[in-house]
Structure formats: structure tokens, C-alpha cells
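The values are calculated or read from the model by the stated rules, or taken from the named source; none is laboratory data. Quantities reported herein were computed from a predicted structural model and do not represent experimental measurements. No Cβ is skipped: glycine too gets one built from the backbone with ideal geometry, and neighbour counts run over all protein chains shown.
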Ligand SMILES: [Zn+2]
């Protein structure tokens, strides 16, 4: 019996070693450890054995059974690993094939830039104030110290709106967001409980403005502007410099150098242009900065006494500053855009790059 | 305006300052130097990576190679008729130089010249502009044989030296020019091209720029050096009749003509001006004409006072035996004058004329008349210097499209004091360059003297507005440099405006004007950088703006691309949408009075058309899903309130259009982004749009939303079967659907349907969002599907709302998952399959759910004749 057991074990292990798939292994299990396997036959013949033989053969048969079962388990693991390896090899992708995308939308680049500007200004206490795009000459010019026929009007070519009998106060497309300065000051000074003591103002005025131009790569009939206005007591030109230095650092980076250059705007005095060191060439001189090393990015100045007065603020007591910038110009400088028509052209191949 | 450095040096010592130093100081002080043009002076050499400061052009003249030389004889070229050979001495040795210059050709073969001709001589290896090339091209002089004669050097023209763009013969220098001297030392120059700001008219002159440089460097302005010559060198001939015996002046309106001055010079010789004068005029951008005209232009450029020269004998002839009477007056409507550009101009009463008793002579301050202009035959010159109303000149110059050097200055305001100085200076230069004798005296009519305000400024004012601490003495010093007359009384500085500027007002505005001058003189860069001490005002936010930004974010999250389009369009462009509008209205537009193009002649009334136009332009993209948020413009006869802006009670606000805010969406093309394994994506349709609108409204936290088929009249541009209105709280806030095929045809779109939506944002924004959220249930839900067969005409929304009503409290979600039509279920019938979610506070049993389901089915049977599909 013991010899027979040894033979069974040897034959079973031998046949196991040549098995290479799960089906064969299943068949092997039935043949070698199944109910009608030779090994099980030994167990069924157990009764025929003598008392002495029983324990000897019993333990030998159990050992063989355990050995075969563990061999089967080992084989099964081996087969699984082999199968997995095979399927992994078969599932190999060409990882250089393009990915599957989804359709996404984006904000228009000018909205993105307006947000950048307004976010910085908001943190500096300048709150958004919006006002209308079609304006009167009075609000767009006269209140801002551009008298009728004043030469300063040559600086802002204007679209007029058809309207009858308005004399020196025609309706027009606003040429800047500055009429909002007057509206905001009037809102505040008229709401003040003490008319001689209106509240301080700190606002940002974003919006679309219009100039009479031919549309070319360099000029557009409409453009966004963001102005800042601060009115209060003891606001100085030095404060203007400090505020814009903060703004420029946030907008153009900590190392951005800036300079103030005297200029002229009818609604501010003293007035200045702010140049930031060219971030394209680092100030060495390039086409973008026209070899000057500087980029003109802001116009600013102390609010003109006439403007304060028109807003309901006494220029002997109050002072303030205003500054203005163009988000499109900033985008053009920042992104090497050489055609301003891209913005309102809205070609998706342009828009999707932002 | 172009200012040669050499000219500035007549008035201010610029030693130790480089051209860039000057340009930088001027630029920072508001006189922006756009470009520096070198004509001889040494140019800065920038190494790689070194900072440039200014746009520069032109050339430097090599001091070794380009010198003053003299031509001693002009000989014939042995093999070429049009060329000559010059015997020339360059200070060191004799040279033979080949030239084709026409302006010495007549001396060919005349032997040794009695008086040698001084010229600019360039030796071998010099770098010059190529005189024969188109435009400005640099070349280096090389040895070459021209028609058998060796040539290695040249006598230069102005173009070759970068002085002027024309090439008409060689430069002939003054007789005094020292032979052998480097030309750069003799007449090397650089020109600053400066932008003159509208409030800086006083600086549209050489002396104006010199004054600024003197003030900015603390140097002396030698402005009297020239004026002294008028009285000393060319003392007026006492033997001549004084001018006031020959001419009288009548000013009819001093507001238009505050001052009018004339002087007279006799027996002038009309000839070319000295070369140095011509060169300066050319560098300053003026064409030299003759000694008399050049004198008026030169004096104008130098002082800033435009002058006008009359041929005295023409006026005398016109006056007959009488004394010449010059009258200034407004023109009569329709009056005619031929200006010296040869064109006959019809005038209006807005224009001002200088006349004599016979009629108009010139268009005041803008352009002279042709009859009395100076010609080659002129002998005696009556020179006018005047002051005019700047607004009037500006309007006249615009009306007649006559921008001139004179109108440029007069339209910005020229101080009347300059009229007298200008006439004297002009006469003096004529006497110097054209000979002649100045008649004694001037006729000077000066009815309206400017105020030249005195402004009191204190250190406190300076501190309050500029934020810097300056003593009264320092304030006075800065202003005195600009020729303000200052007196100090304790801490008050009284500053009298100098009589050359018109930009200083009175009172509180004048104070701002003077503070600006103090700031410029002190230097903007020297003003410190501080933080506002004024308290931060209360922060209130801008709900309208913030809401719109939120809306944009929601739309972008739905996969829509934002576009921003032109506000200006045309009725024809919007007409493609069949005049459809969210709010139907007559075809009246806000019209632009001066449009740049017919296709941009009105303000848009349909935001949707704008977005459709952009979608059309992008039609080649595989799919388009875009939106715009912005205003449309509606004419508003006399209403003073606007829906998008708080009303203002200002006079004159009447008639401003309304500017309501809208949202427009356009979707067309493929629903899915194509990829190598995603092909034939279905196209966007009505329900893609509707799904996004549902998400948008829920993103805005609106709940009481319903949809209904739109009335055709309100949406004629939409497919009549695929058009819907969106109601929130029962109010229509938007319309959407697929474009009507006939409308779509008018655009160049692809095959797939074009879905569009329009919303009135002013309505939408005012709706109250839902308060609170639904809690997440803790009991397990029961899911069940039911399908009912109904008539095709029954709207899905009706079935759904019946289910919701009947199941209220327990049916928490109803989702339509299938719509099925087939003959098997009957013709004109459809099957709607819903997935229901039952849920209540307690765990529900299947039996409880079944009871509710039966109630729902019964209700549907009764209400819409539905049958449960088994
Ligand atoms: Zn640069």
C-alpha cells in the first residue's frame, strides 16, 4: 500500500508539472484528488487493513493528499501569475496617442485681465463702480474740465450719437470711464448727511470705452479701461506714487521698476504717465518698448480742483488722485499680441489660448 | 516738434550734458522725446545687453575723416561731361575729388577760383548715407575708378550727412568755415523730436525748451542775447518814416484778437538765407524758402510766435493814396478768400480775417492770402505779429482742414506779449539775412491784456497736495527758474505768472497749475512713496457686477466660451434675425452720427445677433458653444431713468438710451470633442441647450422654473416646434430654441442645428434665489420605473408634474429616461418611461411604494388618458 501511495504521488506530481492552463489543472484535481481518484481509492480500501497498518498507511495517505493539494495550490498561483503577465503584455497601449478631451469654455481674455486688475484693486480697498456707456458731453467732457472746443478734446476722438437740439451737450459714446468719477462723487456727496462733509471715496471704474478710429492692427473703436479714484482729506501725490507702486508690484512682479513722467490730462493736475521697465527685454531696449526700455502702462494724477468741485467735494478741503489703464494693452504687452483686432474678432483659435 | 541742440545752445549752456541727459530730463518733465536724430554729433554706442533709452537714428560724423575743406578749382573730367574734378585742400593736403554736383557745375573750367568754396569733405573709409539710394542707407566710402579716374573721397550733400532727405548738390558752407576742422565740431548736431502736450503750448519753441532745460538744470536762460541785437546792431533808421505814419490798425473784437502788431522793413533782398540758418530750419523740419520767409519761420520756431509777412507795396497799392488801414474782424458768411496754397475758401462768421479797406488779406492765425504774400519781387515787408483766440483758431483750422505751424501754436494759446517780441525778432533777422532797413517804431494795438494771475502758494499747500516738505524759499526758487516773479511774505509765496504762458488760471485751479510746476521742477522721481493716511471708506461691494461675474463663471463651467463683441452694428446686420427681439419693439435704433463704416452705424439691439456673427465666423470649428454678457442699447425719448443704472438728476441726462444687460448663447456642431476613437458625435440640439439652461438656473439657485412652448410671434426667428420660453416664478426671463431653417440659411453655418438662447439679465438678477438647501436623507430610498402610454400631444412636463403632485411628500425624484414611439403601442401614441425615487422620513416598505404608484397611475389615467405599459 505504501508503495502504491508513493507511486500515486510520484505520478500525480509528474503529470502536474506539465500542466500550463487552468482547465488542465481542474482536470488534474479531479483525477488526482477527486472522489474517484486512486488516492481516494486507497482511503476507501482502508477497512481492509490490519490494525497495525491502519495508522501507518493513514498518515502516509494524508501526507500524500496534503502534498498534492499544496502542489496544486502552488501550480494554481503560478498559472495566475502567468495569465496576468500575458494579459498585461497584451493590454499595452501606445501612450503617445492623443488623449480624449472634453469641451470646455473659458472667459474672454479681457474678462480675465479685468478680473486680475480688479482683484488687486479690491484688495487695496478700491470697489467696483460701473456706469453707462452712452454719455452726455457734459459728463464725458465738461464736468471733467474739457470745455467745449478745448484743444484737449483732440486727444480723444469721439463718436457722437444722433440727437436733436442739444447744443453744446451732445450725446456721445464715452471716451473713457472718467464720467463715472463724477457720477460716483455725486452719488456720495448727495447722499451725505452733511453736504460739507461727504465721505471718502475709493473706487475702481471698469468698462468699455469708445474712440473714433479706423480699425487697424494698432487701433480699435472700443476698448476696456479701468480707472481708480481715491478722494479724501490729505491725499497726496506721494500717496498716488505709493498706491501705484503697490499695484505695479502686484501686477508685474516684485522687481518691476517704475518711473513717473510729467504729463497732461484735463481732469488731473499734476498729471503723470507711469512707465514700467520693459518686461520683454528687461529694459535693454526692444521693439515692444520702442528701444526706450520702458512701457507706458498707466496715466494718473491728482484730481483736478474743477472735477472735485463738480463732484460736490470742496477742493480746498478734499484732494484725491485718479489713475487709468488699458487691460487690452496689458494683455498685448504680456502675450506678444501684435494685432488689437484679435480681441473683438473672437476667433476661437485665439480665445482658447488664454 | 523738432529742436536742434545747436539752437538750444544759443540760449542755455548745455556743457557737460549728453544729448541723452537732455532728452531724459525733458521726458521726465513732460516734454517727451520720441526720437533723437543725430546729424553729426557723437552717438551713444550701446554694447550688447546695455540699456537703450531712446529711439535714435541718424549718423555721427567721424572727426578724423569728415572735415571742412575748400575747393580751389573745378576742372573737367576727361571722360565724362556731367562730372567734374575738384582741386581741394582738406587742411593737410591737396586732393582731387570727383563729383557730379550740379550746384558747382557752372564753375567748371573757370580756372583757379578767386574765392575758394568751403565744403564738407569725407575721406576714404567714412560712413555716410548713400546719396543715390532710395531712403536712408548707410555706406562706407571705398576707393573706386569712375570713368578712368580714381575716386576715394567725396564732397558731401545734406542727404549724405543725414541733414535732409533731399539730394540736390553739395553743401556750400559759410566763407568763415575753418578748413581742416572736423565737420562734427563745426556743425555737428542732434535733433530732439518732442511731443508737445496741449497744456504746454509755451514750449512749442526753441526758447521754451531752453527755458525748461535751464530750469531743470538750474542754469541761466540767456533769452535776451538775441533781443539785444535788435536795438544795437540794426538800429532803426531815423531817416525813414515811422510805421505809425504809414499804417493804422482797427481791431473790431478784442476777444477774438487781443493784440495786433506790425513793423516794416524796407529794401530787402530776396535771396537764400545763410547756410547755417537753412541747416537749422531743415533740422527743425522746415523747408528754407528765402531770406524773408525764413526769417519769419525762424523767429516763430525760436520764440513760438507765428508771424505773417505782407508785401507792403501790394497793401499800399490797394490803399491807393490813403494810409493803409488793417482791420481784423469776423468773416461774413459766404465771404471768399484765396489762401496762399492757391485754394479759394468760403468762409463762415466763425472765421476771423485780417483785412484792409478793400477786403480780406489773410485768414487770421491760420494762413495768409495769396494776393499779398511775399514774392521774389518783394522789396518792402510789413510784418504782422498778433494774438488770437485759441478756440476760434482751433475751430477754423479744423473747419478748413488747415493744420499749419501757425494754427498749431495759436490753437493752443500764444501769449499776446510774444506778438511784439516776434515782430522785432523777425525784422531783425530779415535785416541780417536780407539786408534792408527797419522803419522806426511799431504799430501796436493791444486792447485786451491777459491777467497773468498771481498765485499764492504755501509750504502747507505743497505738503497737502504733493506730500513733500518744501520751504517758501525753495518753492520760490523752483518757480523763479520758470520765470515766475516771486515774493515771499512769511510762509506765503506770491508768484506772478510770467508773460509767456496762458496756462495758469486764477484761484484754486491756479494753485493746482502752480503746484504742477513745483512738482515738475522738484522732479516726480524725487517725490517720496507713501501710503494713504486717509481712512479706508466703508466697503460696500457691487452686487450687480459680482452677480454678473458669478453668472460668467457658471456659463464657463457649462463648457461655454465667453466672447466680447463690438457694440456698434447696423440694422442690416441685425436684420438677419428677422427683426426678432426678446422685447419686440419698433425698428428704432441709437444711431452713431459719425460712424467710421456703414456696418457700424448703430448701437446693437440684439446681443444674440452679435454672438451669432461670431459663431458664423468660427463655423469651421467642429463645435461652437459660446456666450456673451453685455449691454444692448434702446432709444429712450425722454425717460430719465434707466434700468441698468441708478438715475441721476443731472440736467441734460434726458434722451440717453437705456442700456439693459443681456445674455446670449449660441451652440452648434458636435456635442463631443472628437478623438481618434470618438467619431460621429451627435450634434448639439435643443436639449443640449435646455440642459445647460437648467444647470445655469439651478446654479443661480432658482427653483420655481418652468418651460413652455414659445409663442411664435415672440420668436419668429426660431423653429416653431423647437422654441421655448423660460419662466421663473411665472415670469418669462428668457427664450431659447433652434434657429428657424430660413433664418439659419442667412448665416453660413454647417449642417447641424443652431441652438440659441437669450436672457434679460436685469429681470433674472432681480429674482430671489431659494433659501436653504434640502437635507440629505438618511433612510434608504426605493427606486421604481414606470412607463405610461399617452397621446403624442401630451407634454412631458404635464405628465411629470402630475406624478410630482400625486406623489408629493414621498416621490422625491422623477427622471424621464426613455421616450418611445412605435406602431405596436398605437399610432399617435408615445411611451414615457420614468424612474421614480420614493423616500420618506421613515424607511418605506415596497407595499407603501406600490400604493403610491397605483395612485399615480390612476391620476394619469384620469388626467391625460394614460395607460400603464406592461
Ligand atoms: Zn523692451
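Quick notes
- Residues located in segment A:241-268, provided they are over 25 Å from residue A:307 (Cα atoms) and more than 7 Å from every other protein chain (Cβ to nearest Cβ): A:246, A:248, A:249, A:250, A:251, A:252, A:253, A:254, A:255, A:256, A:257, A:258
- Some residue of segment B:449-460 being within 37 Å of the chain's Cα centre (by Cα), in contact (Cβ under 8 Å) with a residue 60 or more places away in the chain and surrounded by fewer than 16 Cβ atoms within 10 Å (Cβ to Cβ): yes
- Unique residue being assigned by TED's automatic domain parsing to the domain that holds residue B:132, outside any loop (DSSP other than H, G, I, E, B) and at pLDDT 95 or above when the list is B:97, B:67: B:67
- Restricting the search to strands (runs of 3 or more DSSP E) fully inside segment A:118-216 and requiring at least 1 residues that are more than 27 Å from residue B:604 (Cβ to Cβ) gives A:201-210.
- Consider segment A:269-287 and keep the residues that are within 30 Å of residue A:311 (Cα to Cα) and more than 9 Å from every other protein chain (Cβ to nearest Cβ). The one that is farthest from the ligand (Cβ to nearest atom) is A:274.
- The listed residue being under 30 Å from residue B:562 (Cα atoms), more than 16 Å from the ligand (Cβ to nearest atom) and surrounded by fewer than 24 Cβ atoms within 10 Å (Cβ to Cβ), out of A:327, A:315: A:327
- If the condition is being buried (at least 23 other Cβ atoms within 10 Å of the Cβ) and closer than 13 Å to residue B:763 by Cα, then segment B:713-732 contributes only B:726.
- From B:592, B:614, B:624, residue being in contact with a strand residue (DSSP E or B) (Cβ under 8 Å, 6 or more places away or on another chain) and farther than 22 Å from residue B:560 by Cα: B:592
- Condition met for residue A:168 (without any contact (Cβ under 8 Å) to a residue 40 or more places away in the chain and at the interface with chain B (Cβ under 9 Å from one of its Cβ atoms)): no
- Hey, residue A:101 in contact with a strand residue (DSSP E or B) (Cβ under 8 Å, 6 or more places away or on another chain), within 14 Å of chain B (Cβ to nearest Cβ) and part of a helix (DSSP H, G or I) or not: no
- Criterion violated by residue B:547 - all others in (1) free of Cβ contacts under 8 Å to residues at least 60 places away in the same chain; (2) over 27 Å from residue B:455 (Cα atoms); (3) more than 7 Å from chain A (Cβ to nearest Cβ); (4) in contact with a helix residue (DSSP H, G or I) (Cβ under 7 Å, 6 or more places away or on another chain) satisfied: (1)
- Some residue of segment A:292-309 being over 36 Å from the mean Cα position of the chain (by Cα), surrounded by fewer than 22 Cβ atoms within 10 Å (Cβ to Cβ), away from the ligand (no atom under 16 Å from the Cβ) and without any contact (Cβ under 8 Å) to a residue 40 or more places away in the chain: yes
- Qualifying residue in segment B:28-35 (condition: farther than 27 Å from residue B:135 by Cα, in contact (Cβ under 8 Å) with a residue 60 or more places away in the chain and more than 10 Å from every other protein chain (Cβ to nearest Cβ)): no
- Residues that are over 25 Å from residue A:147 (Cβ atoms) and facing chain B (nearest Cβ under 7 Å) do not occur anywhere in segment A:175-183.
- Boolean, residue A:341 is more than 10 Å from chain B (Cβ to nearest Cβ) and either crowded, with 20+ Cβ neighbours inside 10 Å or within 16 Å of the ligand (Cβ to nearest atom) (or both): no
- Screening B:657, B:647, B:598, B:635 for residues that are more than 18 Å from residue A:161 (Cα to Cα) and modelled with pLDDT under 95 leaves exactly one candidate, B:647.
- Strands (runs of 3 or more DSSP E) lying entirely in segment B:752-870 (those with 1 or more residues that are exposed (fewer than 13 other Cβ atoms within 10 Å of the Cβ) and touching a residue at least 40 places away in the same chain (Cβ under 8 Å)): B:782-791
- Lone unmet requirement of (1) modelled with pLDDT under 95; (2) within 11 Å of chain A (Cβ to nearest Cβ); (3) farther than 22 Å from residue A:340 by Cα for residue B:625: (1)
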